[in-house]
1. Would you pick out the residues in the range 258-272 that are without any contact (Cβ under 8 Å) to a residue 12 or more places away in the chain and either over 25 Å from Asp322 (Cβ atoms) or of a type in the set (A, V, I, L, M, F, W, C) (or both)?
2. In the range 12-41, how many residues are part of a loop (DSSP other than H, G, I, E, B), open to solvent by 20 Å² or more (accessible area, probe 1.4 Å) and touching a residue at least 24 places away in the same chain (Cβ under 8 Å)?
3. Please indicate, with yes or no, whether at least one residue in the range 77-87 is open to solvent by less than 10 Å² (accessible area, probe 1.4 Å) and either of a type in the set (A, V, I, L, M, F, W, C) or under 23 Å from the mean Cα position of the chain (by Cα) (or both).
4. If only one of Leu44, Leu94, Leu49 is assigned to a loop (DSSP other than H, G, I, E, B) and farther than 25 Å from Ala130 by Cβ, which one is it?
5. Test of understanding: among Thr188, Thr173, Thr166, Thr141, which residue is over 30 Å from Met347 (Cα atoms), within 20 Å of the chain's Cα centre (by Cα) and not charged (D, E, K, R)?
6. Consider only pairs whose beta carbons are under 9 Å apart and that are at least six residues apart or on different chains; among these, list those whose first residue lies in the range 173-187 and is over 19 Å from Glu140 (Cβ atoms) and in the same structural domain as Ala127 (by the TED database) and whose second residue is among the small types (Gly, Ala, Ser) and assigned to a loop (DSSP other than H, G, I, E, B).
7. Does the range 371-386 contain at least one residue that is surrounded by 13 or more Cβ atoms within 10 Å (Cβ to Cβ), in contact (Cβ under 8 Å) with a residue 40 or more places away in the chain, among the basic types (Lys, Arg) and over 30 Å from Lys53 (Cα atoms)?
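The values are calculated or read from the model by the stated rules, or taken from the named source; none is laboratory data. Every value quoted in this text rests on a predicted model; they were computed, and no experiment measured them. Cβ placement follows ideal geometry from the backbone for every residue including glycine, while neighbour counts extend to all protein chains displayed. Keep in mind that these areas ignore ligands, DNA and RNA; they rest on the heavy atoms of the full protein, side chains included. Shrake-Rupley method; radii C 1.70, N 1.55, O 1.52, S 1.80 Å.
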Amino acid sequence: NPYAGLVSRLRAAWLTGKTRPMEYRVAQLEALGRFLDEKKQDILEATSLDMSKPSFEAYFSEVLLCKNELNDTLNNLSCWMKDEHVEKNLVTQLDSAFIRKDPYGVVLIIAPWNYPIHLLLVPLIGAIAAGNCVIIKPSETTKNTEKLVAEALPCYLDKDCYAVVTAGVEETTKLLENKFDYIFFTGTPTVGRIIMTAAAKHLTPVTLELGGKNPCYVSDNCEVHNVARRVAWGRFFNAGQTCIAPDYILCSVEMQDKLMPALREAITEFYGPNPKESPDFARIVGDKQFRRIQALLGSGRVAIGGQTDEQERYIAPTVLADVKASDPAMQEEIFGPILPIVVVANMDEAIDFINARPRPLALYVFSCDNKVVREVLERTSSGGFCGNDTLMHVTLTSLPFGGIGNSGLGKYHGKFTFDTFTHHRSCLHRNMGLEAINCPRYPPYNQQKLGLLTAAFEIKRRGMCTLL
């Protein structure tokens, strides 16, 4: 196996305990901060070359949000690393019971192409903070960003403990044959199953950040122009190549008629009369993805946009009206600048539509009536939820980010990333003396010992009284 030596080298480094001290972790995290600062322009240029990502969007998503994660981690790491002391029963009152925050060991992070820096560095920050050695596998689809990460990142991090592997499908398959202590993967459910199968051979725990069709219910009672601007921003940011973008709208036929001119106005406001000429609208990452998305334009009827240019891999911001549940655009995650509108009679029908499908990574609802927002939240299930906006929940390091069911397994961001890459080790340190306390548990058994044992170990429900 071409990667066996690399994995062994990192495991040997981890076993020395080098990554465990807080000072070491902080030094490596600060080096990551320097990478983001010193290579900021290179990141903007690489993402522009790969998918014409506007520098504004690239800075916000690839640099600023990464810096936020980094600073939040540095601000709180000493607290997160501390032993967590827990409640004790009567027998262990004089002992020490705590949770030790141990690193897993050697972990593998496999990143996708749509946010090639953000979705690589954010899990890496938590893996380093937790004291692991890490192999990082950037996406081969975004060649320029992959090259930047492979050449520049090792100059900032300790080469004994962190390595970048550039690999295609065949090489990644070989890489996954090695035993890792944790695998973190962001990508599609199809590849997620492959990752999970490979991990199962070594009983390796995984986090799978997958995609899905994120519903967006718009009630009849809402500020239409605000809805249009917030949905258009979330759908067309990064040309729709965002795993938590609203994938389709559910609304009444009356709301569809109101939304259409408001969406057209918002798109023109954002990208001008010809979005193809806008410096603020990205392109599709590759030819295969372009052809896949283009084929979805036959669903329903094109109400806004619909123009394409294969040479530029340009697909205009597009809204499809009167889309049926059986149309191609409703059979797969769109992952492009197309927004289908599916007509439903009311909120109950929208909820039934959502619940009849795999649980999404994100769910959105717009309404001026808070009862509607609460009811959709209470009667559905999704990885994340956002009322009256799109994407914004992902900007909070205080909220866990992750899927459920088909949309993923596990969570991260902020302390949740640290916890994901940390083994919470249960520890009890008992007193060597006071043996009389232990006598009731030893044979030979009798009713008196059982009574003493019950009194010492039993947990009673609060609020219950015992009649003597």
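1. Step one: filter the range 258-272 for residues without any contact (Cβ under 8 Å) to a residue 12 or more places away in the chain, giving 261, 268, 272.
Residue satisfying the conditions is Gly272 alone.
2. Residues in the range 12-41 being part of a loop (DSSP other than H, G, I, E, B), open to solvent by 20 Å² or more (accessible area, probe 1.4 Å) and touching a residue at least 24 places away in the same chain (Cβ under 8 Å): 3 in total.
3. Step one: of the range 77-87, the residues open to solvent by less than 10 Å² (accessible area, probe 1.4 Å) are 77.
Checking which are either of a type in the set (A, V, I, L, M, F, W, C) or under 23 Å from the mean Cα position of the chain (by Cα) (or both) leaves us with 77.
Within the range 77-87, one or more residues are open to solvent by less than 10 Å² (accessible area, probe 1.4 Å) and either of a type in the set (A, V, I, L, M, F, W, C) or under 23 Å from the mean Cα position of the chain (by Cα) (or both).
4. Values: Leu44 fails: assigned to a loop (DSSP other than H, G, I, E, B); Leu49 fails: assigned to a loop (DSSP other than H, G, I, E, B).
Sole residue among the options that is assigned to a loop (DSSP other than H, G, I, E, B) and farther than 25 Å from Ala130 by Cβ: Leu94.
5. Working: Thr188 fails: over 30 Å from Met347 (Cα atoms); Thr173 fails: within 20 Å of the chain's Cα centre (by Cα); Thr166 fails: within 20 Å of the chain's Cα centre (by Cα).
Within the list Thr188, Thr173, Thr166, Thr141, the selection yields Thr141.
6. From residues that are over 19 Å from Glu140 (Cβ atoms) and in the same structural domain as Ala127 (by the TED database), the pairs are Phe180/Gly105; Asp181/Gly105; Tyr182/Gly105.
7. no
Condition check ((1) touching a Leu at 6+ places or on another chain (Cβ under 8 Å); (2) open to solvent by 10 Å² or more (accessible area, probe 1.4 Å); (3) polar (S, T, N, Q)) across all residues:
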position: Tyr104; (1), (2), (3): no, yes, no
position: Pro112; (1), (2), (3): yes, yes, no
position: Leu124; (1), (2), (3): yes, no, no
position: Ile135; (1), (2), (3): yes, no, no
position: Thr141; (1), (2), (3): no, yes, yes
position: Cys161; (1), (2), (3): yes, no, no
position: Val164; (1), (2), (3): yes, yes, no
position: Thr172; (1), (2), (3): no, yes, yes
